[in-house]
Amino acid sequence: MRRKPKIRIWIIDKKTIIVSLFAIIFTILVMSKIALSNKIIPDKENKIKAKTILIDPGHGGIDGGANKGNILEKNINLDIAIQVSSILKANGANAILTRNKDISLDKLINDGGSRYKRDLNARTNIINSSNADLFISIHANCISGDTSENGTMIFYRGKGSPSNKLADNIMSNIHNEFKSLNRNQHSPQIGDYYILRNAKIPGVIIETGFISNESDCNLLLNSDFKNRIAEAICLGINDYFKGTASN
Ligand SMILES: [Zn+2]
């Protein structure tokens, strides 16, 4: 009578151990498969190794950014930014995110300015104190009353500047990746935005698509599209470093 429960406990424990081992092995396999699938740049073409890239997912927390119903820009931006970060890391770069969760950054600044301005100030401070080689700010576009405009837009500051080159490199990879989708192919544009004006390192604002356009909006909610645009962004960053004289 006494031995029976002991045997039962032993059997349950053994089962638990075996199940746990399988779970651990499965998790390791899945994680390494994800890491391997994120390694998109062959070693001999890799110019982002040991580079530091700052990724800024626009908005967050109380600031949802553009919206269509309950679809909020801030969530799309964060998803793509996290994917960019993990691809960069899998390819040997350092990646810093201004936010890695659903928060606004205004509380980091206490200068009495508006919440919106303090949030932008905090992002700019992170960019300028990061020692990063470049930054990308990720957003999604929206035009109220216009459902036809679609496609990715990229803004930079200074014609012929490193930021201009970065914008060109990222855009050509995005065009190349999505040429079969029949989206509008915008050229990079000069943009007069706070972050671009005040950042001391090269950088661009990427408006990944228009949530006001049904087709673009569906793409921005699709994990395959988000992964592919993140890959194109990373390939564009690698192309940027390929062309840098010191590399
Ligand atoms: Zn935005």
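Think of the range 33-189 as having a plus end and a minus end, set by charges on the Cβ of Lys, Arg, Asp and Glu; of 96, 72, 139, 96 sits farthest toward the positive end of this dipole.
For residue 100 and residue 70 in one chain, what is 0.36 nm times their gap in residues minus the Cα-Cα distance, to one decimal in nm? Show your work: numbers first, answer last.
Working: separation 30, 0.36 × 30 = 10.80 nm, distance 2.08 nm.
Full extension from residue 100 to residue 70 adds 8.7 nm.
What you get for the chain, charging only the Cβ of Lys and Arg (+1) and of Asp and Glu (-1), is a dipole of about 1700 debye around the Cα centre. Fully extending the segment from residue 149 to residue 107 would add 11.7 nm, taking 0.36 nm per residue of separation and subtracting the current Cα-Cα distance. So the label point goes 7 Å from the Cα of residue 49 along Cα→C-beta, right? Which residues of the range 89-129 then have their backbone N under 19 Å from it? Correct set: 89-95. Scanning residues 5 or more positions from residue 190 or on other chains, those with amide H under 5 Å from its amide H are 156, with H placed 1.01 Å from N in the peptide plane. One Cα centroid belongs to the range 52-100, the other to the range 157-226; the line between them spans 14 Å.
Efficiency by 1/(1 + (r/R0)^6): what FRET value for residue 39 and residue 116, r their Cβ-Cβ distance, R0 = 41 Å, to the nearest 0.05? Walk me through the numbers on the way to the answer.
Working: r = 38 Å, r/R0 = 0.93.
Once rounded, the FRET efficiency stands at 0.60.
Screening the chain for DSSP H helices whose Cα atoms reach 24 Å or more along their own axis and whose mean Kyte hydropathy is at least 0.5 gives 3-37. Stretching residue 125 away from residue 223 to a fully extended chain increases their span by 32.2 nm, per 0.36 nm per residue minus the current alpha-carbon distance. In terms of its Cα atoms, the range 43-242 spans 48, 40, 31 Å along the principal axes, sorted from long to short.
Site pair residue 175 and residue 30 shows an inter-label distance of 4.0 nm when each label is modelled 7 Å from Cα along Cα→Cβ. Taking 16 Å as the cut-off, the amide N atoms of the range 134-161 that come nearer than this to a point 7 Å along the Cα-to-beta-carbon line of residue 184 belong to 140-155.
Only the coordinates and a few stated rules stand behind these numbers; no lab work does. All values derive from a computational prediction rather than experimental measurement. Backbone-built Cβ (ideal geometry, glycine too); neighbour counts: all protein chains shown.
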